[in-house]
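To keep things clear, I will list the structure first and then write my remarks on it.
The values are calculated or read from the model by the stated rules, or taken from the named source; none is laboratory data. Given the structure is predicted, the values throughout are model-derived calculations rather than measurements. All Cβ positions, even for glycine, are placed from backbone atoms using ideal geometry, and neighbour counts span all protein chains on display.
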Ligand SMILES: *Cc1c(COP(=O)(O)O)cnc(C)c1O
Ligand code: SF4
């Protein structure tokens, strides 16, 4: 039994809310303390000589942080371990390519005030912090996380709150970053209260890797800080079935029992999850074990130093097509590309329409056979 589950049974034995909170808090803080917090903490790990040599330069470009329980998922005997590939700096990160970008999806260009991006009329991204519980090597915001790097402060968010208040078309506020769930409960409660006080906002969305990388942080106090008037959706970021542990399961159960809607977005990463078997297992376990609906599968974007993790779009389309054939509708994510220059996220397939001749469409079935479909539309 994990310490967290032991804690849960003690709750049932009648701990007070404060005891429970103190216990929960300790569990995840130990996980942070015992993990990798600085590049120098990598010294004691069995990195390859090439990885070790790349650490100073790679860590200067993008911070290193790995909670202990996530670190413990690494099988060090496997140089291609999918957890290691996501969090241990690689010498390949130093090989930047022409055309790679600091801001691959134009967060800055569509930022009318600091800490907010408004590209689609009905929803905004709000960045309450530029810090994370884990730093993923492939992060497309790594440039902001390095150059801005700041945490939460009430003053820093005031212009963003004022913007939301004066734009009645905004219905969803998406907390992202940085990782919003790396903030203390008190900060989250304050942010939630400010947003729910705006009558036109309907839904609070939280994009987070905490249920994956620091699941013990999902405490009853965290849940309470988010509960209020708004519909809450938590969008997790699992990339591999190996990340779906007992602790992650408990974290997702806590979030579901709080009444939150759970979705997942994954990034398609070469050497991590670019096979149909890995993606199929990931999507099934997300839905069937965690109750988390696979939402997006993101094509690898143009973040700097990430050529070694990118698949081609053609490979991604083949994977998406195979998933469509193998997985139920609710287990299927949509394969999308977030276009540079603010073009937004667009589905890249699979596409089943082969041709059109007037009112007759030629459409490929799930069995691979192309069939004619004649539209019959009344013009009365
Ligand atoms: C991804 C993103 C959203 C959310 O898009 P959905 O398709 O609703 O998940 C909103 N705003 C910006 C700027 C984004 O990049
Ligand atoms: S948790 Fe999200 S924002 Fe933070 S480094 Fe990972 S991908 Fe980037």
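If you go through segment 165-184, how many residues are outside any loop (DSSP other than H, G, I, E, B) and surrounded by 23 or more Cβ atoms within 10 Å (Cβ to Cβ)?
The total comes to 5.
Residue 107: within 30 Å of residue 193 (Cβ to Cβ) and at pLDDT below 95, yes or no?
Here the answer is yes, as residue 107 does meet what is asked.
Only one residue in 160, 197, 187 is surrounded by fewer than 19 Cβ atoms within 10 Å (Cβ to Cβ) and either modelled with pLDDT of 95 or more or under 20 Å from the mean Cα position of the chain (by Cα) (or both), so which one is that?
Working: 160 fails: surrounded by fewer than 19 Cβ atoms within 10 Å (Cβ to Cβ); 187 fails: surrounded by fewer than 19 Cβ atoms within 10 Å (Cβ to Cβ).
After ruling out the rest, the residue left standing is 197.
Check off (1) within 16 Å of ligand 1 (Cβ to nearest atom); (2) closer than 21 Å to residue 152 by Cα; (3) crowded, with 17+ Cβ neighbours inside 10 Å for residue 132 and give me the number that stays unchecked.
Here residue 132 clears every test but (1).
Find the residue count for segment 329-340, including only residues that are surrounded by 12 or more Cβ atoms within 10 Å (Cβ to Cβ) and more than 12 Å from ligand 1 (Cβ to nearest atom). Quick ask: steps written out before the conclusion?
In the first step, residues of segment 329-340 are kept if they are surrounded by 12 or more Cβ atoms within 10 Å (Cβ to Cβ); the result is 331-340.
Narrowing further to those that are more than 12 Å from ligand 1 (Cβ to nearest atom): 331-332, 335.
Result for segment 329-340: 3.
As an exercise: evaluate residue 217 against (1) under 24 Å from residue 63 (Cβ atoms); (2) in contact with a strand residue (DSSP E or B) (Cβ under 9 Å, 6 or more places away or on another chain) and give the number of the one condition it does not meet.
The failed condition is (2).
Looking only at segment 350-357, decide whether some residue is within 16 Å of ligand 1 (Cβ to nearest atom) and in contact (Cβ under 8 Å) with a residue 12 or more places away in the chain.
First pass over segment 350-357, keeping only residues within 16 Å of ligand 1 (Cβ to nearest atom): none.
For segment 350-357, residues within 16 Å of ligand 1 (Cβ to nearest atom) and in contact (Cβ under 8 Å) with a residue 12 or more places away in the chain: absent.
Of the residues in segment 120-144, how many are part of a strand (DSSP E or B) and within 16 Å of ligand 2 (Cβ to nearest atom)?
Of the residues in segment 120-144, 2 are part of a strand (DSSP E or B) and within 16 Å of ligand 2 (Cβ to nearest atom).
Please enumerate the residues belonging to segment 95-119 that are buried (at least 16 other Cβ atoms within 10 Å of the Cβ) and assigned to a strand (DSSP E or B).
Residues satisfying the conditions are 116, 117, 118, 119.
So which residues in segment 303-320 are touching a residue at least 40 places away in the same chain (Cβ under 8 Å) and under 27 Å from residue 233 (Cβ atoms), if there are any at all? Reasoning before the result, please.
So in segment 303-320, the residues touching a residue at least 40 places away in the same chain (Cβ under 8 Å) come out as 303-311, 315-316, 319.
Scanning segment 303-320 gives 303, 316, 319.
Return yes or no: is residue 88 surrounded by 21 or more Cβ atoms within 10 Å (Cβ to Cβ), within 16 Å of ligand 1 (Cβ to nearest atom) and either more than 23 Å from the chain's Cα centre (by Cα) or under 28 Å from residue 217 (Cβ atoms) (or both)?
So residue 88 does not fit the description; no.
Is there a residue in segment 270-285 that is in contact with a strand residue (DSSP E or B) (Cβ under 7 Å, 6 or more places away or on another chain) and surrounded by fewer than 17 Cβ atoms within 10 Å (Cβ to Cβ)?
So far as segment 270-285 goes, no, none of its residues is in contact with a strand residue (DSSP E or B) (Cβ under 7 Å, 6 or more places away or on another chain) and surrounded by fewer than 17 Cβ atoms within 10 Å (Cβ to Cβ).
Of these, 138, 161, which one is touching a helix residue (DSSP H, G or I) at 6+ places or on another chain (Cβ under 9 Å) and more than 19 Å from residue 238 (Cα to Cα)?
Of 138, 161, the one residue that is touching a helix residue (DSSP H, G or I) at 6+ places or on another chain (Cβ under 9 Å) and more than 19 Å from residue 238 (Cα to Cα) is 161.
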